[in-house]
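Trainee: Handing you a structure now.
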Amino acid sequence: MDKIVSLAKRRGFIFPGSDIYGGLANTWDYGPFGVELKNNLKSAWWKSCVHERSDIYGMDASILMHPKVWEASGHIENFFDLKSDCKSCKKRFKAAELSDHKKCPECGGELTEERPFNLMFKTHQGPIEDGSSQIYLRPETAQGMFVNFSNIMDSRHPKLPFGLAQIGKAFRNEITPGNFTFRTREFEQMEIEYFVRPQDADKVLQEWIDYRFNWYLNLGIKKESLRKRKHPKEELAHYAAACTDLEYKFPFGWNELEGIANRTDFDLRQHAQASGKDLRFFDDASKERFYPYIIEPSGGVDRSVLAFLADAYHEEKVKKDTRVVLKLHKDLSPVKVAVLPLLRNRPEIVELAKKIAAGLKKHLICVYDDTGAIGKLYRRQDEIGTMYCVTVDVQSLEDKQVTVRDRDTMLQERISIDRLEEYLKNKLA
Ligand code: GAP
């Protein structure tokens, strides 16, 4: 983990939040390559879960929602962890993580009784901070889709089964955040709410578990580092009848990457009752009205980024040196091509390299770098996970060819500048 955290900071993927003020605990800022990786990951999810399917509609709902949403959803009543405070050092612990429920694991002091602690962040809407203005930052994006169920029905007239998908921020006042970006209080989710006939729920749940499992594998996660884990009954959330987690073998152990749950008709029924709106599905053929069941694949963007970073991190012996390389899938790599002049004190070479980079930038994510000797530049690009390095040398001025180096094999090929764009596009297709 230390190596990943250090590379993430050194190379501009992820920085500690509010760094110049000594940081705000467990907040992280995505830097230039981190935001590209994160955007690529979200695009890959959107492509697979929205664009490539004809049964899913995209959405982007507000973070701030009517407070009644959280009463109806059960979050005000049920969304809490049991916590215990140390009477001496004042540290707070999640009861489930304590081995001795009486003694502080840090200083040995006496612990208070376990008390429920609601995980929702509270805030106020408008200038007057009284009870009536209190609202919450959403702890899951899901509710934004449930409350729009009838808007989608009226505007898109879908047939069952169909789904809604969205990516967005969620907030939880976690008692024990940690492990870098794995558990934070502000994070991003990628969620699908898939509406099905109740009798199809078990079958569709299994289909989604497989679909999402394969998505991670297709983007390069090693098979031996990914597993499915079915929740025992006592572990299920208040709304779920069944849930299977996809777990990744993080450097700190197997942990949840995504949960795929059968939420039954719990949410639609609750919102129908609380809002007074009819949220049943009307089946044209049978003229029946009923509440569909909901299958929910719910993944974390930040957790996925961390898993893909950990999975891609390689150290290889190259002669006497160790090469650190991020072997990210081509669709996820933050940079596809780097253009590097072999000699930065030769203006004709620099000029040609800059011209090539400017041309490629119109089609691919491409960087130009002339801030070091070629060995150092290659090492830097390997650590970012750049797929191809294009080197412009003295000979390029004569034969109008450049050297293209493959990140994984390190093999080099001479390619004519005329053909370069097409060559790279084919490789990256
Ligand atoms: N709507 C269902 C739901 O929110 P969840 O299992 O609580 O289910 C889904 O969260 C996913 O969101 C998790 O699998 C994880 O990837 C991500 N997630 C949850 N809490 C998180 C946190 N504190 N920090 C980072 N990611 C988190």
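The values are calculated or read from the model by the stated rules, or taken from the named source; none is laboratory data. Predicted model only: the values in this text are computed from it and were never measured. So basically every Cβ, Gly included, is an ideal-geometry build from the backbone, and we count neighbours across all protein chains shown.
Trainee: If I filter region 303-322 down to residues being aliphatic (A, V, I, L, M) and assigned to a helix (DSSP H, G or I), which single residue comes out as nearest to Trp254 (Cα to Cα)?
Mentor: Ranking the qualifying residues of region 303-322, first place goes to Ala307.
Trainee: Limited to region 264-283, what total is found for residues that are within 15 Å of the ligand (Cβ to nearest atom) and over 18 Å from Asp200 (Cα atoms)?
Mentor: So the answer is 2.
Trainee: Let me ask another. Scanning for something of a type outside the set (D, E, K, R) and within 12 Å of the ligand (Cβ to nearest atom), does region 221-234 turn up at least one residue?
Mentor: For region 221-234, residues of a type outside the set (D, E, K, R) and within 12 Å of the ligand (Cβ to nearest atom): present.
Trainee: Only one of (1) more than 32 Å from the chain's Cα centre (by Cα); (2) closer than 30 Å to Glu193 by Cα; (3) hydroxyl-bearing (Ser, Thr, Tyr) fails for Thr123. Which number is that?
Mentor: (1)
Trainee: Within region 329-343, identify whether any single residue is aliphatic (A, V, I, L, M) and touching a Pro at 6+ places or on another chain (Cβ under 7 Å), and answer yes or no.
Mentor: no
Trainee: Restricting region 284-302 to residues that are assigned to a strand (DSSP E or B) and more than 16 Å from the ligand (Cβ to nearest atom), which is surrounded by the most Cβ atoms within 10 Å (Cβ to Cβ)?
Mentor: Checked region 284-302; the qualifying residue surrounded by the most Cβ atoms within 10 Å (Cβ to Cβ) is Phe290.
Trainee: Please state which one of Lys90, Lys83, Lys94 is of a type in the set (Lys, Arg), at pLDDT below 95 and on the phi > 0 side of the Ramachandran plot.
Mentor: Testing whether each residue is of a type in the set (Lys, Arg), at pLDDT below 95 and on the phi > 0 side of the Ramachandran plot leaves just Lys90.
Trainee: Tally the residues that are under 15 Å from Arg289 (Cα atoms) and either within 16 Å of the ligand (Cβ to nearest atom) or among the basic types (Lys, Arg) (or both), restricting the search to region 149-199.
Mentor: 4
Trainee: Also, I was wondering about something else. Looking at region 204-211, can you tell me whether even one residue there is among the β-branched types (Val, Ile, Thr), modelled with pLDDT of 95 or more and touching a helix residue (DSSP H, G or I) at 6+ places or on another chain (Cβ under 7 Å)?
Mentor: No; the residues of region 204-211 include none that is among the β-branched types (Val, Ile, Thr), modelled with pLDDT of 95 or more and touching a helix residue (DSSP H, G or I) at 6+ places or on another chain (Cβ under 7 Å).
Trainee: Would you check which residues across region 356-403 are surrounded by fewer than 20 Cβ atoms within 10 Å (Cβ to Cβ), part of a helix (DSSP H, G or I), touching a helix residue (DSSP H, G or I) at 6+ places or on another chain (Cβ under 9 Å) and not aliphatic (A, V, I, L, M) and list them?
Mentor: Answer for region 356-403, where residues must be surrounded by fewer than 20 Cβ atoms within 10 Å (Cβ to Cβ), part of a helix (DSSP H, G or I), touching a helix residue (DSSP H, G or I) at 6+ places or on another chain (Cβ under 9 Å) and not aliphatic (A, V, I, L, M): Gly359, Glu383.
Trainee: Let me ask something else about it. Give Val325, Val335 a once-over and let me know the one that is surrounded by 19 or more Cβ atoms within 10 Å (Cβ to Cβ) and either assigned to a strand (DSSP E or B) or free of Cβ contacts under 8 Å to residues at least 60 places away in the same chain (or both).
Mentor: Val325
Trainee: Just checking, how many residues over region 260-278 are surrounded by fewer than 22 Cβ atoms within 10 Å (Cβ to Cβ) and either within 18 Å of the chain's Cα centre (by Cα) or in a strand (DSSP E or B) (or both)?
Mentor: 1
Trainee: Evaluate region 132-147: report whether one residue or more is small (Gly, Ala, Ser), within 14 Å of the ligand (Cβ to nearest atom) and assigned by TED's automatic domain parsing to the domain that holds Trp254.
Mentor: Yes: one or more hits.
Trainee: List the pairs whose first member sits in region 284-309 and is in contact (Cβ under 8 Å) with a residue 24 or more places away in the chain and farther than 20 Å from Val325 by Cα, whose second member is of a type in the set (Val, Ile, Thr) and within 14 Å of the ligand (Cβ to nearest atom), and whose Cβ atoms are under 6 Å apart, counting only residues at least 6 apart or on separate chains?
Mentor: Tyr293/Thr264; Pro297/Ile192; Pro297/Ile260; Asp302/Thr181
Trainee: Still on this structure: Report those helices (runs of 4 or more DSSP H) wholly inside region 134-245 carrying at least 1 residues which are of a type in the set (A, V, I, L, M), crowded, with 19+ Cβ neighbours inside 10 Å and in contact (Cβ under 8 Å) with a residue 40 or more places away in the chain. Working first, answer last.
Mentor: Numbers: elements: 142-146, 149-156, 201-218.
Output list reads 142-146, 201-218.
Trainee: Also, I was wondering about something else. In region 333-375, which residues are closer than 18 Å to Arg419 by Cβ and of a type in the set (Val, Ile, Thr)?
Mentor: Passing the criteria: Val337, Val339, Ile356.
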